[in-house]
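Each remark here refers to the structure printed beneath this line.
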Amino acid sequence: MTIHKGKKHEAIKGLDGTSRRDFVFYSNLLAINNQTFSTTAASPDACRQVVINYLTRYTGADRTEKINWLNSCRNLSLLPDECFDWIETDERACCWAWGWLMKNHLSEPPANPDGSKSYPPATEFQNSLVTFPTSPKERFYSIVYFFDTGPVNLEAKKQLIESMKTIWISVLDNPHPLKFIDPSNETQCAWAWEYLQKHGVSTPTFSPTNNKEKYLSAVASMDLSGVHRDTKRIFLMNMKKACDQKKYRENLKGKKPLNTFINEDSKQRLDYLAKQRGQNINKTLEWLIDKEYDSHI
């Protein structure tokens, strides 16, 4: 995990941790214990300033007491950075982990008449995770914050992150669900997400807003699917067939069928030319026609 350390300030001397993650934790700790006048700050820099402002109010033994309290809470609450390495280094794992936490740590509210869902203003999940992250980086920080500020002891957090890792390893035992989708192809990614939504397979907690997020959300939806392996396999087979048909139709755009017969010798020569040019017969025919046409203009 990347550690971002700011310029040292006299007020934070003595703190065991001075990373981005530490200051976000300290700020949240101060807020929930009514030690500051504001709620948890939005950015790490703002969190750092909250901590500095708080500590500068104390001197001598009082300051030492506050420093010791912050350090004790930190050391009893924060998992080592290494516990999150498998999530930080793999965008697919990160998206799955966020979806898994959403699925297992937030009860879905009832649907509104228009089909939308109104999440309550304060829930365990929303207080610790961005409800609709827009990037893998934002999603990762949300997961870490979920663990850092969770109201359970460090041992319970260790058990949860290890349990998640074990489940994720079992997910990887299966073939990649959408290997037939090109993650760099915006049209394919949009189609994949729409296909899952149409068939009621997409995870409703995902709301992707760009090409990359649609791909990651589609893959995570399949990774999180709790259906039987055979059911998932058949669904993906049908999805791949639909995708192949779509690609085939797109390849036919701007093309006309040509049904004709040529003698055997000409066919052999055409095959030879196609092989020499590293093209299929269709492309070779187009080349021959265009070349001859250009010679008459």
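The values are calculated or read from the model by the stated rules, or taken from the named source; none is laboratory data. It should be emphasised that the depicted structure is a prediction, and the values quoted were computed from it without experimental measurement. Positions of Cβ are generated from backbone atoms using ideal geometry, with glycine treated the same way; all protein chains shown enter the neighbour counts. For accessibility, only protein heavy atoms count, side chains too; no ligands or nucleic acids. Shrake-Rupley method; radii C 1.70, N 1.55, O 1.52, S 1.80 Å.
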Q: State yes or no: is V24 open to solvent by less than 50 Å² (accessible area, probe 1.4 Å), within 26 Å of I161 (Cβ to Cβ) and more than 29 Å from the chain's Cα centre (by Cα)?
A: no
Q: Would you check which residues across segment 180-208 are surrounded by fewer than 11 Cβ atoms within 10 Å (Cβ to Cβ) and part of a loop (DSSP other than H, G, I, E, B) and list them?
A: S184, G200
Q: Of all residues in segment 47-96, count the ones that are under 16 Å from T149 (Cβ atoms), of a type in the set (A, V, I, L, M) and open to solvent by less than 50 Å² (accessible area, probe 1.4 Å).
A: 5
Q) Name the residues in segment 255-290 that are within 24 Å of N185 (Cβ to Cβ), outside any helix (DSSP H, G or I) and open to solvent by 90 Å² or more (accessible area, probe 1.4 Å), would you? A) K255
Q.
Condition first: under 13 Å from the mean Cα position of the chain (by Cα), touching a residue at least 24 places away in the same chain (Cβ under 8 Å), within 17 Å of H105 (Cα to Cα) and in a helix (DSSP H, G or I). Can you find one or more residues in segment 221-234 that meet it?
A. yes
Q: Determine which member of the set I167, I143 is surrounded by fewer than 18 Cβ atoms within 10 Å (Cβ to Cβ), among the hydrophobic types (A, V, I, L, M, F, W, C) and within 13 Å of L101 (Cα to Cα).
A: I167
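Yes or no, residue by residue, for (1) of a type outside the set (A, V, I, L, M, F, W, C); (2) within 30 Å of F23 (Cβ to Cβ); (3) modelled with pLDDT of 90 or more:
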position: N112; (1), (2), (3): yes, no, no
position: A122; (1), (2), (3): no, yes, no
position: L129; (1), (2), (3): no, yes, no
position: K137; (1), (2), (3): yes, yes, yes
position: K158; (1), (2), (3): yes, yes, yes
position: W168; (1), (2), (3): no, yes, yes
position: T203; (1), (2), (3): yes, no, no
position: E213; (1), (2), (3): yes, yes, yes
